[in-house]
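The values are calculated or read from the model by the stated rules, or taken from the named source; none is laboratory data. Source: prediction; values computed, not measured. Positions of Cβ are backbone-derived with ideal geometry, glycine not excepted, and every protein chain shown enters the neighbour counts. Side chains are part of the model used for accessible areas, which takes the heavy atoms of the whole protein and leaves out ligands, DNA and RNA. Shrake-Rupley method; radii C 1.70, N 1.55, O 1.52, S 1.80 Å.
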Amino acid sequence: MNVLVINAGSSSLKYQLFDMETEEVLAKGNCDRIGTSGFMKHKPLSNNKPVFESEIDLPSHKEAIAAVIEKLTCDEYGVIASLAEINAVGHRVVNGGSKLTEGVLIDQAVIDAIEKCIPLAPNHNPANLTGIDACRTAMPGVPNVAVFDTGFHSTIPDYAYTYAIPYKYLEENDIRRYGFHGTSHSFVAKKAAELLQKPDAKGTKIITCHFGNGVSLAAIKDGESIDTTMGLTPLEGMPMGTRSGSVDPALFSVLAEQDGLSVKETLDMLNNESGVLGVSGLSNDFRDVEAKAGFDINTGDRDESVEIDKRSKLALDIFCYQAAKYIGSYIAVMGGVDAIVFTAGVGENSPYTRRGVCSFLNGIGICIDEEANKFRGRDYITDITGEDSIAKVFVIPTDEELVIARDTKKLVSG
């Protein structure tokens with residue numbers, strides 16, 4: 001069975017094609033700048049065919065899906081002979097609300113339910129629906145499956161997901177902490193449990209740190225999520241690449257009175273102009289900010305040839321401090337920790353960030369091996385635990401697409 005996994009963003013589309021008999025990735029790629037200039041990268045992996053990387057006309061997701069299909073099947077770059085070799089399509093959907101907590105075959109009722117959740121994920125669910133519609137149009141008769149970012153966190157207890165506001169709003173508007181990045185947290189937590197020689201995860205206490213442009217942490221006990229940093233929307237929790245993370249809600253009133261900002265303008269600012277970008281004034285890319293702050297991005301060491309930019313350094317310090325605060329609180333509510341996992345773009349590739357977070361944890365006995373930590377860009381698991389650490393510290397590459405492909409295969413196979 002071949003499964004095509006689609007992750008559609010507002011102006012992008014990432015994809016991977018899996019042979020699910022072996023779980024081999026046959027090809028992967030991304031379409032960027034959809035609706036504007038258009039750019040595509042397609043990488044065949046199952047043969048010696050060349051990589052395609054070029055500007056391409058992509059006025060909408062419909063054309064992006066058509067481009068993906070063309071590259072997968074063409075003689076020069078293809079890995080399958082025809083569209084008939086795609087047996088199912090799995091879609092990442094950010095928010096399924098409180099009703100859709102597991103992967104599901106997509107029909108009109110599922111589409112309607114995803115649409116109802118748009119207010120909970122206004123930047124993500126519309127793009128996910130666009131990708132679904134484009135695939136159903138291009139591949140009629142091929143089953144499509146939705147796998148939800150929020151699903152893994154459906155095990156969080158009510159006292160952890162309930163906001164302390166009048167209860168009628170919670171009931172009437174489906175307001176609660178949902179959490180996101182569920183496929184990533186689930187994947188790396190299972191890997192960590194295996195490394196702890198407890199593949200069933202029973203008795204394990206694991207904290208997973210998904211550090212990318214979007215950032216979330218999760219407390220995972222006995223293999224189940226019991227708390228996570230993101231909330232009703234992906235804006236809550238940690239400061240991120242462009243998102244502020246948690247702020248005093250009264251900020252909306254203050255900015256309205258002092259700067260005349262509307263609710264929408266403030267939300268746009270908190271989502272797109274804040275976080276590491278907002279504080280540093282430089283970039284949402286941690287590599288740029290680390291270099292400007294005077295650190296070697298490959299080792300995390302101080303680069304004495306570069307003068308420290310104070311705002312860039314402050315942005316990094318805020319990030320590491322807030323992450324350590326969440327880790328400490330999760331250790332408290334779980335009654336200990338067996339392993340801390342760093343994953344995703346920043347977690348897997350920034351030795352500075354990993355060291356910075358763990359430096360705040362030295363006082364409770366968690367430390368890393370400084371030399372083992374000096375790497376970026378590995379595609380395999382690395383143990384960076386310090387000699388006297390009371391908990392293991394792992395760097396585990398995430399594979400959200402494989403989780404989606406597995407769920408898709410399971411549902412389609414019945």
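Could you look through the stretch 38-55, keep only residues that are out of contact with any helix residue (DSSP H, G or I) (no Cβ under 9 Å at 6 or more places or on another chain) and open to solvent by less than 60 Å² (accessible area, probe 1.4 Å), and pick out the one that is nearest to L4 (Cα to Cα)? It would help to see each step written out before you state the result.
Residues of the stretch 38-55 that are out of contact with any helix residue (DSSP H, G or I) (no Cβ under 9 Å at 6 or more places or on another chain), as a first pass: 39, 41, 43, 45-51, 53-55.
Those left that are additionally open to solvent by less than 60 Å² (accessible area, probe 1.4 Å): 39, 46-47, 54.
Working: F39: 20, S46: 15, N47: 17, S54: 22 Å.
Ranking the qualifying residues of the stretch 38-55, first place goes to S46.
In the set P119, P140, which member is open to solvent by 10 Å² or more (accessible area, probe 1.4 Å), closer than 18 Å to E236 by Cβ and without any contact (Cβ under 8 Å) to a residue 40 or more places away in the chain? Walk me through how you get there before you give the answer.
Working: P140 fails: closer than 18 Å to E236 by Cβ.
That would be P119, the only listed residue that is open to solvent by 10 Å² or more (accessible area, probe 1.4 Å), closer than 18 Å to E236 by Cβ and without any contact (Cβ under 8 Å) to a residue 40 or more places away in the chain.
Taking the stretch 367-385, which residues are within 16 Å of L195 (Cβ to Cβ) and either free of Cβ contacts under 8 Å to residues at least 12 places away in the same chain or in a loop (DSSP other than H, G, I, E, B) (or both)? Walk me through it before giving the result.
First, pick out the residues of the stretch 367-385 that are within 16 Å of L195 (Cβ to Cβ): 368-369, 372, 378, 380-385.
Once the filter is applied, which keeps residues that are within 16 Å of L195 (Cβ to Cβ) and either free of Cβ contacts under 8 Å to residues at least 12 places away in the same chain or in a loop (DSSP other than H, G, I, E, B) (or both), the stretch 367-385 yields D369, A372, R378, Y380, I381, I384.
Going by the conditions given, is D158 acidic (D, E), open to solvent by 10 Å² or more (accessible area, probe 1.4 Å) and at pLDDT 95 or above?
yes
Pick out the one residue from E371, E387 that is surrounded by fewer than 17 Cβ atoms within 10 Å (Cβ to Cβ), farther than 21 Å from I207 by Cα and acidic (D, E). Can you show your working first?
On the way: E387 fails: farther than 21 Å from I207 by Cα.
Residue meeting the stated conditions: E371.
Would you tally the residues in the stretch 156-198 being among the charged types (D, E, K, R) and touching a residue at least 60 places away in the same chain (Cβ under 8 Å)?
Residues of the stretch 156-198 that are among the charged types (D, E, K, R), as a first pass: 158, 168, 171-172, 174, 176-177, 190-191, 194, 198.
From what is left, the residues that are touching a residue at least 60 places away in the same chain (Cβ under 8 Å) are 174, 176, 191.
Number of matching residues: 3.
May I ask you to list pairs of residues, at least six apart or on different chains, whose Cβ atoms are under 7 Å apart, with the first in the stretch 392-412 being under 14 Å from K28 (Cα atoms) and the second being surrounded by fewer than 20 Cβ atoms within 10 Å (Cβ to Cβ)?
Note: pairs meeting the criteria are L402/E23; A405/M20.
So for the stretch 73-91 (the condition being under 25 Å from T150 (Cβ atoms), at pLDDT below 95 and surrounded by 14 or more Cβ atoms within 10 Å (Cβ to Cβ)), does at least one residue qualify? Walk me through it before giving the result.
Start the filter on the stretch 73-91 by keeping residues that are under 25 Å from T150 (Cβ atoms), which leaves 88-91.
From the residues that got through so far, the ones that are at pLDDT below 95 too are none.
Scanning the stretch 73-91, I find no residue that is under 25 Å from T150 (Cβ atoms), at pLDDT below 95 and surrounded by 14 or more Cβ atoms within 10 Å (Cβ to Cβ), so the answer is no.
Take the residues in the stretch 362-414 that are among the hydroxyl-bearing types (S, T, Y) and closer than 22 Å to L4 by Cβ; name whichever of them is farthest from the chain's Cα centre (by Cα). Show your work before the answer.
Residues of the stretch 362-414 among the hydroxyl-bearing types (S, T, Y): 380, 382, 385, 389, 398, 408, 413.
From what is left, the residues that are closer than 22 Å to L4 by Cβ are 398, 408, 413.
Numbers: T398: 9, T408: 19, S413: 27 Å.
For the stretch 362-414, the residue satisfying everything is S413.
Run down V412, V346, V333 and say which single residue is touching a Ser or Thr at 6+ places or on another chain (Cβ under 6 Å) and not in a loop (DSSP other than H, G, I, E, B). Lay out the reasoning, then the answer.
On the way: V412 fails: touching a Ser or Thr at 6+ places or on another chain (Cβ under 6 Å); V333 fails: touching a Ser or Thr at 6+ places or on another chain (Cβ under 6 Å).
On inspection, the qualifying residue turns out to be V346.
So, of the residues in the stretch 1-28 that are under 12 Å from V68 (Cα atoms) and open to solvent by 50 Å² or more (accessible area, probe 1.4 Å), which turns out to be modelled with the lowest pLDDT?
It comes out as K14.
Taking the stretch 356-365 as the search range and keeping residues that are in a loop (DSSP other than H, G, I, E, B) and closer than 18 Å to F319 by Cα, which one is most open to solvent (accessible area, probe 1.4 Å)? Write out each step before concluding.
Of the stretch 356-365, the ones in a loop (DSSP other than H, G, I, E, B) are 360-361, 365.
Restricting the remaining residues to those that are closer than 18 Å to F319 by Cα gives 360-361.
Working: F360: 109, L361: 6 Å².
The qualifying residue most open to solvent (accessible area, probe 1.4 Å) is F360.
It is to be established whether one or more residues within the stretch 397-413 are farther than 23 Å from E194 by Cβ and among the aliphatic types (A, V, I, L, M). Step through it out loud before you land on a result.
Of all residues in the stretch 397-413, those farther than 23 Å from E194 by Cβ come to 411-413.
Then drop every residue that is not among the aliphatic types (A, V, I, L, M), which leaves 411-412.
Yes: the stretch 397-413 contains one or more residues that are farther than 23 Å from E194 by Cβ and among the aliphatic types (A, V, I, L, M).
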